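Peer 1: What follows is a single structure, and I will ask about it in a moment.
The values are calculated or read from the model by the stated rules, or taken from the named source; none is laboratory data. This is a predicted model, so every value here is computed, not measured. Virtual Cβ from ideal backbone geometry, glycine too; neighbours counted across all protein chains shown. Ligands, DNA and RNA are excluded from the accessible area calculation, which covers all protein heavy atoms including side chains. Shrake-Rupley method; radii C 1.70, N 1.55, O 1.52, S 1.80 Å.
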Amino acid sequence: MGPVLSHRLRDLVEYDFPAHHSHMRGLIRDGTSPAGIAEAAAKLRAGGLVAIPTETVYGLAADAGSSEAVGRVFDVKGRPRDHPLILHIHADADLARWSVDAPDYALELARTFWPGPLTLVLARSEAVRDFVTGGQSTVALRAPDHPVAQSLLKEFGGAVAAPSANLFGAVSPTTAGHVLTDLGPRLDPESDLILDGGACSVGLESTILDCTGSSARILRLGGLGAGQISKVVAVGDAADLAAEPIRVPGSLASHYSPDARVVVADVGVRSPQVDELRRIASRHCEPEAPVGLIAPRAVSTPDGWTRLLAAETTGQYAHDLYQALRGADEARLDLVVAVLPETGHVDPKTGQADLESGLAGAIADRLRRAAS
Ligand code: TXA
Ligand code: MG
């Protein structure tokens, strides 16, 4: 058991459970049923928390106008209060309600990519409260591309503040079951619920763009590739990111981590042989320790290792990555060796090269953070 695991377990054990575990199942509702949506909207209005499916990952949503509800989001996640949340809005919502002075290029991006895996950081309007933005003068806005999230936002009528529905620093959830496992013990079946909308289609968080300057700058790589964005608007240099006062905890070095140790194989675009994978593992664990492999399908699995992911395409790699990292902990592996997707490979489904789709970059980013 690594120090991270024991720390998290202690956290959970010491938490004052609002409900007995057997009540946890009572948290899940069918997000595709009108009754599920109506009940979820009622819970939001009453100050409860609703875990929602989006195309990227599941979010833990609260009424963005309620300081108590938003405060509980931070408590349930174990997230510091000064780390700002994304405001999720309906695809038809008026940007001017939540932001001021949005530059033309930001309006163009919203028109082109919303609903979708793109978050825009803009100067906030009076309607956005300090407890959502951690006191910052900017707000992160996104219209998620998921019918369940859109139905709920329509029924609710306002905006919801929602981070990914995982414990702070841990792997994001891509199914309702992941949310139940991670946060179920901390949610209250009386006031909260989890809307099941199936597995998230993208599987990685949204791309975050700072739109407060003269051109868009990438703050976090994600589900929408830089190549796609730069076909629509100019994307400025993100090189001075470290010097920014803007807080993006998803950019903390150690984030998205399972309890197993993760090592990214430094093999460039080559397909490594099993001997090479064994050599890499031997530098990080005992000879008999259980090891897992996350890699494109072309990479063979060394005998005795657990294959956690064998992706045919980069899209599939992104879709299944977080499930694979969770699988490492379920199988109680000590180490995970990850081979990054090849860049420049053309996805047969979209016909787009990986460098264009940008998913390969986002995958590499998440795996490096999981590894540190
Ligand atoms: O795909 C996603 O973005 C998912 C789904 C649920 O929408 N949400 C998500 O939320 O990943 P979260 O809280 O795990 O990550 C949101 C990131 C954080 O790193 C946060 O610091 C950043 O957005 N953020 C929020 N408001 C910001 C702001 N005003 N300026 C800069 N970064 C901001
Ligand atoms: Mg997150």
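Peer 1: Can you confirm whether ARG129 is of a type in the set (Lys, Arg) and open to solvent by 30 Å² or more (accessible area, probe 1.4 Å)?
Peer 2: Criteria met by ARG129.
Peer 1: Any chance you could count how many residues in segment 187-204 are within 16 Å of ligand 2 (Cβ to nearest atom) and open to solvent by 10 Å² or more (accessible area, probe 1.4 Å)?
Peer 2: 1
Peer 1: I need the full set of residues from segment 156-183 which are touching a strand residue (DSSP E or B) at 6+ places or on another chain (Cβ under 7 Å), within 11 Å of ligand 2 (Cβ to nearest atom) and farther than 18 Å from ALA324 by Cα, in order please.
Peer 2: ALA162, PRO163
Peer 1: While we're looking at this one, here's another question. Among the residues of segment 182-216, write down those that are of a type outside the set (A, V, I, L, M, F, W, C) and either in contact with a Lys or Arg (Cβ under 8 Å, 6 or more places away or on another chain) or within 11 Å of ligand 1 (Cβ to nearest atom) (or both).
Peer 2: Once the filter is applied, which keeps residues that are of a type outside the set (A, V, I, L, M, F, W, C) and either in contact with a Lys or Arg (Cβ under 8 Å, 6 or more places away or on another chain) or within 11 Å of ligand 1 (Cβ to nearest atom) (or both), segment 182-216 yields SER191, ASP192, ASP196, GLY203, GLU205, SER206, THR207, ASP210, THR212.
Peer 1: Here's something else I'd like to know. Answer yes or no as to whether GLY213 is open to solvent by less than 10 Å² (accessible area, probe 1.4 Å) and more than 15 Å from the chain's Cα centre (by Cα).
Peer 2: When the stated conditions are applied, GLY213 does not pass them.
Peer 1: A further question follows. Please specify each residue of segment 103-120 satisfying the condition of being open to solvent by 10 Å² or more (accessible area, probe 1.4 Å) and in a helix (DSSP H, G or I).
Peer 2: Answer for segment 103-120, where residues must be open to solvent by 10 Å² or more (accessible area, probe 1.4 Å) and in a helix (DSSP H, G or I): ASP104, TYR105, LEU107, GLU108, ALA110, ARG111, THR112, PHE113.
Peer 1: Would you pick out the residues in segment 186-234 that are of a type outside the set (Gly, Ala, Ser), under 25 Å from GLY71 (Cβ atoms) and out of contact with any strand residue (DSSP E or B) (no Cβ under 9 Å at 6 or more places or on another chain)?
Peer 2: Those that are of a type outside the set (Gly, Ala, Ser), under 25 Å from GLY71 (Cβ atoms) and out of contact with any strand residue (DSSP E or B) (no Cβ under 9 Å at 6 or more places or on another chain): ARG186, ASP188, PRO189, GLU190.
Peer 1: Return the residue satisfying two criteria in turn: it lies in segment 82-102 and is part of a loop (DSSP other than H, G, I, E, B) and charged (D, E, K, R), and of such residues it is least open to solvent (accessible area, probe 1.4 Å).
Peer 2: ASP82
Peer 1: Inside segment 141-176, can you point out the residues that are among the small types (Gly, Ala, Ser), outside any loop (DSSP other than H, G, I, E, B) and open to solvent by 20 Å² or more (accessible area, probe 1.4 Å)?
Peer 2: SER151, SER164
Peer 1: Run down ASP75, ASP16 and say which single residue is modelled with pLDDT under 95 and either among the charged types (D, E, K, R) or at positive phi (or both).
Peer 2: ASP16
Peer 1: If you don't mind, there's one more thing I want to ask. Quick test for you: out of ALA234, ALA226, pick the one residue that is within 19 Å of the chain's Cα centre (by Cα), open to solvent by 10 Å² or more (accessible area, probe 1.4 Å) and either at pLDDT below 95 or more than 15 Å from LEU118 (Cβ to Cβ) (or both).
Peer 2: Result: ALA226 is the single residue among ALA234, ALA226 that is within 19 Å of the chain's Cα centre (by Cα), open to solvent by 10 Å² or more (accessible area, probe 1.4 Å) and either at pLDDT below 95 or more than 15 Å from LEU118 (Cβ to Cβ) (or both).
Peer 1: Looking only at segment 79-102, decide whether some residue is closer than 15 Å to VAL160 by Cβ, touching a strand residue (DSSP E or B) at 6+ places or on another chain (Cβ under 8 Å) and among the aromatic types (Phe, Trp, Tyr).
Peer 2: yes
Peer 1: Hey, could you check segment 38-70 for residues that are open to solvent by less than 10 Å² (accessible area, probe 1.4 Å) and away from ligand 1 (no atom under 16 Å from the Cβ) and say which is nearest to SER172 (Cα to Cα)?
Peer 2: GLY48
Peer 1: Related question: Kindly provide the set of residues from segment 35-66 that are in contact (Cβ under 8 Å) with a residue 12 or more places away in the chain and in a helix (DSSP H, G or I), ordered by number.
Peer 2: Within segment 35-66, GLY36, ILE37, ALA38, GLU39, ALA40, ALA41, LYS43, LEU44, ARG45 qualify.
Peer 1: Evaluate segment 67-81: report whether one residue or more is among the polar types (S, T, N, Q) and outside any helix (DSSP H, G or I).
Peer 2: No.
Peer 1: Right, another one. With (1) assigned to a strand (DSSP E or B); (2) within 16 Å of ligand 2 (Cβ to nearest atom); (3) surrounded by fewer than 23 Cβ atoms within 10 Å (Cβ to Cβ) as the list, and ALA123 as the residue in question, which single condition is left unmet?
Peer 2: (2)
Peer 1: Turning to a different aspect of this structure: Kindly indicate which of ARG97, ARG142, ARG124 is basic (Lys, Arg) and more than 8 Å from ligand 1 (Cβ to nearest atom).
Peer 2: ARG97
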